[in-house]
Amino acid sequence: MRILRRSVVLGGALAPLSAHAAPIPAPQRRIVSLFPCIDAILLRVADPDQIAGLSALSREAEVSSVAGDEARRYPAARDDAEGLLSLKPDLVAVSRYTAPTTLRALRRAGVRLLIVEPQRSVAESLSQVHEVARAAGHPERGEVLAARIAAALEHARPETPDHRPGALVFQNGGFVAGTGSLIDDMLNRTGFTNRAAAYGVKDFGEVSLERIVRDPPQVLLAAEPKAGAPGFGERVLRHPALLALKDRMRIEAFPQSLLLCGGPVLLQTAPKLAAIRRRVLRGAA
């Protein structure tokens, strides 16, 4: 639950962007991101010297798709007015969950803000890519990245759309991605039926293991935990009651970092879901 809450509050699953200021010339802009999903886009559409800071979660592999040496090149930004202003930003990506004191301090200092809202679909994810690229002064890079994402989605589209395995996605903390979520859209686009609706889950919710045992999906996607930190996903992968369903349900590990963001993360999510679907259908043949 801690990871899910952080992902939603800090931009998780996540975030079409709404620009509240007209773009200014890119060379004058120092951009700070407070969200892992914006981190991933900035690293692809902004010049390195434009990035004044990435979210503190950019260094956590369980949450961020860019965790590693690339992210560690930049200061870690947190929801703290003093720390943010020390980075001398021209633009900061914030959300309705950002502390009011932080927002007031940024506005008083003349810092421009981009307001991040929860993202529900691939279309909103592509819109986010364009907005961030325009904010960085490189709209053409947004066009290129969006085209790459669209091509990956097209490549992952099922050749046999009538065969749609029922799937359930467990994120860390035991939460299930339901209808009206980005993962729901991705499941539909890659040839699955999201079984969350059958269990009464909208947006995000919980489904008991007992319920799954009684009425299993064809495939259960369990969030892969961070190395050295066993979590709910690992318990699912090893749970005896679920393993006993191997003739009726396939269990697949899925990186948690690919469940929380859209944008360039979909370049990894789409082919992985398509590959899982192929394995499921081969197993059912």
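Structural remarks
- When peptides 109-120, 195-206, 49-60 are ranked by their average number of other Cβ atoms within 10 Å per residue, the highest-first order is 49-60, 109-120, 195-206.
- Karplus (6.51, -1.76, 1.60) ³J(HN,Hα), θ = phi - 60°, over the stretch 254-259, in Hz, Gly and Pro reported as x: 9, x, 4, 5, 8, 9
- Those residues of the stretch 148-183 whose amide nitrogen sits under 17 Å from the label point placed on LEU281, 7 Å along Cα→Cβ: 153-167
- Karplus-derived 3J(HN,Hα), 6.51/-1.76/1.60, for each residue of the stretch 150-155, Hz, glycine and proline x: 4, 5, 5, 5, 5, 5
- Here's how it looks for ALA77: its modeled amide H is under 5 Å from those of LEU54, SER55, ALA56, which are all 5 or more places away or on a different chain.
- Amide H within-cut-off set for ARG30, under 5 Å, with H built and near neighbours excluded: ASP90, LEU91
- Spin-label pair ARG107-ARG214: with each label point 7 Å from Cα along the Cα-Cβ axis, the two points sit 5.0 nm from one another.
- Taking a ≥ b ≥ c as the square roots of the eigenvalues of the alpha-carbon gyration tensor, the stretch 161-284 is classed rounded because a/c is under 1.5.
- Burial order of peptide ranges 253-264, 128-139, 36-47 (average beta-carbon count within 10 Å, highest first): 36-47, 253-264, 128-139
- Global form of the stretch 130-179, assessed from the alpha-carbon gyration tensor, a/c cut-off 1.5: oblate
- For the stretch 113-129, 3J(HN,Hα) per residue [Karplus equation, 6.51 cos²θ - 1.76 cosθ + 1.60, θ = phi - 60°, Hz, x = Gly/Pro]: 10, 10, 8, 9, 10, x, 9, 10, 7, 5, 4, 5, 5, 5, 4, 4, 4
- Looking at the stretch 161-284 alone, DSSP beta bridges between its own residues are antiparallel in about 25 percent of cases.
The numbers here are math on the coordinates, done by the rules we state, and not lab data. Small disclaimer: the values here were computed from a predicted structure and weren't measured. Every residue, glycine as well, gets a Cβ built from its backbone with ideal geometry; the counts of neighbours run over all protein chains shown.
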